[in-house]
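The values are calculated or read from the model by the stated rules, or taken from the named source; none is laboratory data. Predicted model, so just to flag it, every value in this text is computed and none were measured. Note: ideal-geometry Cβ built from the backbone for every residue, glycine included; neighbour counts use all protein chains shown. Just the protein is used for accessible areas: all its heavy atoms, side chains included, with ligands, DNA and RNA removed. Shrake-Rupley method; radii C 1.70, N 1.55, O 1.52, S 1.80 Å.
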Amino acid sequence: MISNQILQDTIDGIKNITRTDLCVMDTGGKCLASTIRNTDEYEEAVVSFAESPAESQVMQGFQFFKVYDDNDLEYVILAKGETEDIYMIGKVASFQIQSLLVAYKERFDKDNFIKNLLLDNLLLVDIYNRAKKLHIETDVKRIVFIIETKNEKDTNALETVRTLFSSKTKDFITAVDEKNIILVKEVKPSENYEDMNKTAKVIVDMLNTEAMSSVNVAYGTIVSEIKEVSRSYKEAKLALDVGKIFYNDRKIIAYSNLGIGRLIYQLPIPLCKMFIKEIFDGKSPDDFDEETLATINKFFENSLNVSETSRQLYIHRNTLVYRLDKLEKSTGLDLRVFEDAITFKIALMVVKYMKYMESLDY
């Protein structure tokens, strides 16, 4: 459960203090971490010691110690030397690794609980019972952030997020798939959604500078009880999907700020197809040339202002009017009329949604 690197760092630290060589082996005599060389020659002695009832033993110039995970023997510690001082150092090393086992097991149990909580895999009674056993408060405010990385299994990004929130013991960092890091964050009574957006910005900036990783961050709504954490997670997940479709220029997307994209995302595909057929008579905005699409997008960006749009496109006002007239003839929609413009804008968003959903089917 404890990584070999953690074990190595631990015994290196103890050796630096005590100047005593140490080795950590599994019950089969395989070396997991060591400050000495040629550990293979102690394999048989470790296996023999592991099978014996003794808790400590002196063999081959080393003192052997056992470390248990609950009642199961997990590690054998070797401390070089046969004096009382070496015995004490070996016991200290055993105690340290035993403490690490307990801490990592609790962390694993909490991580497992949070994953099942997010995925709605727990009964209500189990949520409160397990939370109590793991010393997790059930009635504090929390919110779920989903951090989507560009690369699968981005360990640098995961470690950066853990470092950023590690001092906050009531926050939980986990992952339920290959690309998404999930932060379940406690929300203080004085904090609001503006503070949550600041947190999201810190995450994006930190991962960009520290982990050299470009990420998208989505977050749900603040919930007041632990049983509602899964709802905040689902909201964050929906926000992430809606953001990909309609707001792909944003790095941060909040469930409470999805606009009309939230409504379109709920529409069934057959209804979308019927709407597009009604508006474009079987055509698709994809059929428009790049010049027309650029004109439409810029016209919407400038709130249907003909003069400003023509200036930004570096074309004469009459040229823009000509393009809009041409578009009206092909679609029956005059973008200078507010109602027609709204219809066209929604139609473009519906097409985006349909293309995204079709891409998921492949």
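For the reader, a short list of remarks on this structure follows.
- Accessible area per residue for the stretch 44-83, computed on protein heavy atoms with a 1.4 Å probe, is 51 Å².
- Result for the chain in a Gaussian network model with C-alpha springs under 10 Å: among GLN63, GLN98, GLN312, the largest mean-square fluctuation is at GLN312.
- 3J(HN,Hα) along the stretch 237-248, derived from phi through the Karplus expression 6.51 cos²θ - 1.76 cosθ + 1.60 where θ = phi - 60°, amounts to 5, 5, 4, 4, 5, 4, x, 4, 6, 10, 10, 5 Hz, with x in place of Gly and Pro.
- For LYS141, residues with placed amide H under 5 Å, excluding near neighbours: VAL187
- Taking N as its residue count, the alpha carbon Rg of the chain over 2.2 N^0.38 Å: 1.46
- Taking θ as phi - 60° and the Karplus parameters 6.51, -1.76 and 1.60, the scalar couplings of the stretch 224-232 work out to 9, 10, 5, 5, 8, 4, 5, 5, 4 Hz in sequence order, x denoting glycine and proline.
- Given in Å, the Rg to one decimal and the Dmax to the nearest whole number for the Cα atoms of the stretch 121-213 are 14.4, 43.
- Summing Cβ point charges (Lys, Arg +1; Asp, Glu -1) relative to the Cα centre of the chain gives a dipole of roughly 1400 debye.
- Positive-end residue, the chain charge dipole about Cα centroid, Cβ charges, pick of THR39, ASN216, GLN5: ASN216
- Once the Cα-Cα distance is subtracted from the 0.36 nm per residue extended length, the LEU73 to THR292 segment shows a gain of 71.7 nm.
- Across the alpha-carbon atoms of the stretch 100-175, the computed radius of gyration and Dmax are 13.4, 37 angstrom.
- Partners for LYS15 among lysines (Cα-Cα distance below 17 Å; same-chain residues under 8 apart left out): LYS80, LYS91
- Each distinct pair of alpha carbons in the stretch 148-271 adds a 1/r term; the inverse of their mean, the Kirkwood radius, is 15.2 Å.
- Kirkwood-based shape ratio for the stretch 226-342, expressed as Rg/Rh from alpha carbons: 1.07
- Annotation: amide H of ASP69 within the under-5 Å range of GLU74, sequence separation 5 or more or interchain, hydrogens built in the peptide plane.
- Calculated FRET value between LYS105 and GLU41, using beta carbons and R₀ = 35 Å, to 0.05: 0.65
- Each residue of the stretch 11-28 was assigned a 3J(HN,Hα) from its phi angle through the Karplus expression (A = 6.51, B = -1.76, C = 1.60, θ = phi - 60°), giving 6, 4, x, 5, 5, 4, 7, 9, 6, 10, 6, 9, 8, 10, 10, 7, 5, x Hz with x at Gly and Pro.
- In the context of the full set of protein chains, the stretch 208-265 has a per residue accessible area of 44 Å² (1.4 Å probe).
- Carbon + sulfur, % of accessible area of the stretch 284-325 - ligands and nucleic acids excluded, 1.4 Å: 46 percent
- Shape box of the stretch 213-287 [Cα atoms, principal axes, largest first, Å]: 49, 31, 16
- For the stretch 314-362, the alpha-carbon coordinates run over 44, 25, 17 Å along the three principal axes, in decreasing order.
- In plain terms, if you count all Cα to Cα distances in the stretch 1-157 and split them into 5 Å steps from zero, the share in each step is 2, 8, 15, 17, 14, 10, 9, 9, 8, 6, 2, 0 percent.
- Percent accessible area from carbon and sulfur atoms, the stretch 1-132, protein chains only, probe 1.4 Å: 49 percent
- Taking each DSSP H run with n ≥ 4 as -39500 (n - 2.57) and averaging over every residue of the chain yields -17000 deg cm²/dmol at 222 nm.
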